[in-house]
Every structure is written in structure tokens, then in C-alpha cells.
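J.: Attaching a single structure in C-alpha cells format; questions to follow.
The values are calculated or read from the model by the stated rules, or taken from the named source; none is laboratory data. In this text the structure is predicted, and so the values were computed from the model without any measurement. Here Cβ is always computed from backbone atoms with ideal geometry, including for glycine, and neighbour counts include all displayed protein chains.
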Amino acid sequence: MPRMQSHQDRTADHPGRSSDRVVVLFTKPARPGRVKTRMTPHYTAAEACSLHDALLRDVLAQTAVPEASYELVVAWAVDEGEALPDVGDWVASPAPRVVRQSGNDLGERLVAALGDQCTFGAERVAAIGSDHPELDRDGLEAAFAGLDDHDCVLAPAQDGGYSLIALRCEAVVPALFEGIDWSTPRVLEQTLSRLEGHGLSALLLEVIHDIDEPADLEALARRLAASSGPARAVATLAWFEEHGR
């Protein structure tokens, strides 16, 4: 598990960023009953927690890389007063900044986190989650490249949502995220409708799969076994080899 920081976060003075592109990785600490709940009862709550950590390790290993053209920021969903985990031991130097999520629902949290990065100097921002172990630097670079000609880039998930959203900062408006039926198959469709209603153009990338249910792990193992590309989802596959049933 990530170690906990004694200080509140690393956002107070917002040191000069190395890029005008920022990726915000939304995640939460591995706590029984708070992460990967749809994996139970097939797996125990403790196993679901260790799976969550494996997924996060893979996403960090594949996106928090020194040669990336963007800065990665990890946004934690933690309780008021709870210390923020530090993932510095899990990634190549430099370690990502960590921030605290704020807002009552996912839409508010997206607007707050992405809007903050725009306020602090970013021109293009993206949001991802920690349950997409096939997402890598190339996918994020493609999303940012898509913003050359579009206001928004989305990578659909297999369940009707999206795994990645990238926006020009001028397109980060609260109305895009209001009234969305989060965690339903309508998320992508509703988001595209909001974009169209505000006159914003969108580009869809290839599907990036979520890992939410036991069957998703089996499908991941099959996809990677058939792939001839570089190794991905190493920690997740190792977890599945040990716990899969």
C-alpha cells in the first residue's frame, strides 16, 4: 500500500509545473468496503483491496513516466483530516504531486480537480481512474494530440461510461458534468449530448476497459495473452494468477 504523508498535501504553493498538460488520476485508499466492491463476494474484501493496489500500481507504472509530455497529479478521495497517501515509492522519479478530491459527486470532483489545474497554469487537462490497467503513456499522448483539433477527447469504457476524458481548459465548464447519471451505461451518451449542446467538438478513441467485476479480470488476461505489444498490467496479472478463481 502507499505510505501516508504527514502533511496535508503538496498543492499549497503549487510549484512551477514542467508542462502545460496535466493528467489527474482519481483514486482512493484501499479500504475494505470502499474499493472494488463489485468484486465481492467472489473475492474477499481484503483481496479486493489488494487488487485495487495492483491496478493502481499498473496505471502509475504506465503513465507516471519521466519522458511523458504531461504532468501527472494523483487526486485522492479521502475523509476530512485524513492524510494523503504518497505514491513516490511506486513510480519513477519525479514523484507525482498528490491532491485531495473535493465535491459531492463525481461531476463536481472532476470540475474541481481539472479546474484547479487550469487555474494553476495548465492549458489542457485529462482525468483518468485507477482501474484501467491497459492505459499507458501512449494513450494519454494520443488524447492530448486529439485536442489539437477537438475541444474534448474521450476513451469509452465497455460499460457505457468513459475511461478517460481530456479537455482544453476553456471547455472545462461545470454544465458538462451536471445531471450525469454516474455509474450507469448512460454516462458517455449523456456527456456527448452535453458537449454538443455547448457547441464543443469531441473525438472518441478506442475503448479502454474498466476492471470492475470478476469477468473483467478474465477478459483482461485473454486480451493480454493475445497481445504482441509491450508488457502491461503486470501487477494486475500477477494478482490474478495468485487469487483468480
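J.: Are there any pairs, at least 6 apart or on different chains, whose C-beta atoms fall under 7 Å, with the first in segment 135-148 and in a helix (DSSP H, G or I) and the second of a type in the set (Lys, Arg), and if so, which?
T.: Hits for this filter: Phe144/Arg21; Phe144/Arg124.
J.: Among the listed residues Gly115, Gly103, which satisfies the condition of being outside any loop (DSSP other than H, G, I, E, B), of a type outside the set (A, V, I, L, M) and closer than 18 Å to Ile180 by Cβ?
T.: Gly115
J.: For Glu218, all conditions in the list (1) acidic (Asp, Glu); (2) in contact with a Phe, Trp or Tyr (Cβ under 9 Å, 6 or more places away or on another chain); (3) surrounded by 18 or more Cβ atoms within 10 Å (Cβ to Cβ) hold save one; what is the number of the exception?
T.: The failed condition is (3).
J.: Sticking with this structure for a sec: For Ala122, are the conditions met, namely being assigned to a loop (DSSP other than H, G, I, E, B), surrounded by 15 or more Cβ atoms within 10 Å (Cβ to Cβ) and modelled with pLDDT of 95 or more?
T.: Against the criterion (assigned to a loop (DSSP other than H, G, I, E, B), surrounded by 15 or more Cβ atoms within 10 Å (Cβ to Cβ) and modelled with pLDDT of 95 or more), Ala122 qualifies.
J.: Then there's this: Can you tell me which residues in segment 174-198 are farther than 23 Å from Ser130 by Cβ, assigned to a loop (DSSP other than H, G, I, E, B) and modelled with pLDDT of 95 or more?
T.: Of everything in segment 174-198, just one residue is farther than 23 Å from Ser130 by Cβ, assigned to a loop (DSSP other than H, G, I, E, B) and modelled with pLDDT of 95 or more, namely His198.
J.: Go through segment 54-70 and count every residue that is surrounded by fewer than 20 Cβ atoms within 10 Å (Cβ to Cβ) and of a type outside the set (Val, Ile, Thr).
T.: 5
J.: Output the number of residues of segment 199-218 satisfying the condition of being in contact (Cβ under 8 Å) with a residue 24 or more places away in the chain, over 20 Å from Lys36 (Cα atoms) and assigned to a loop (DSSP other than H, G, I, E, B).
T.: Residues flagged as in contact (Cβ under 8 Å) with a residue 24 or more places away in the chain, over 20 Å from Lys36 (Cα atoms) and assigned to a loop (DSSP other than H, G, I, E, B) within segment 199-218 amount to 5.
J.: Now for a separate question. Take the conditions acidic (Asp, Glu), in contact with a Pro (Cβ under 9 Å, 6 or more places away or on another chain) and either buried (at least 17 other Cβ atoms within 10 Å of the Cβ) or under 17 Å from Leu56 (Cβ atoms) (or both) and apply them to Asp116. Does it pass?
T.: Judged against the criteria, Asp116 is not a match.
J.: Could we say that Ser50 is hydroxyl-bearing (Ser, Thr, Tyr) and in a loop (DSSP other than H, G, I, E, B) here?
T.: Considered against the rule, which asks whether it is hydroxyl-bearing (Ser, Thr, Tyr) and in a loop (DSSP other than H, G, I, E, B), Ser50 comes out as no.
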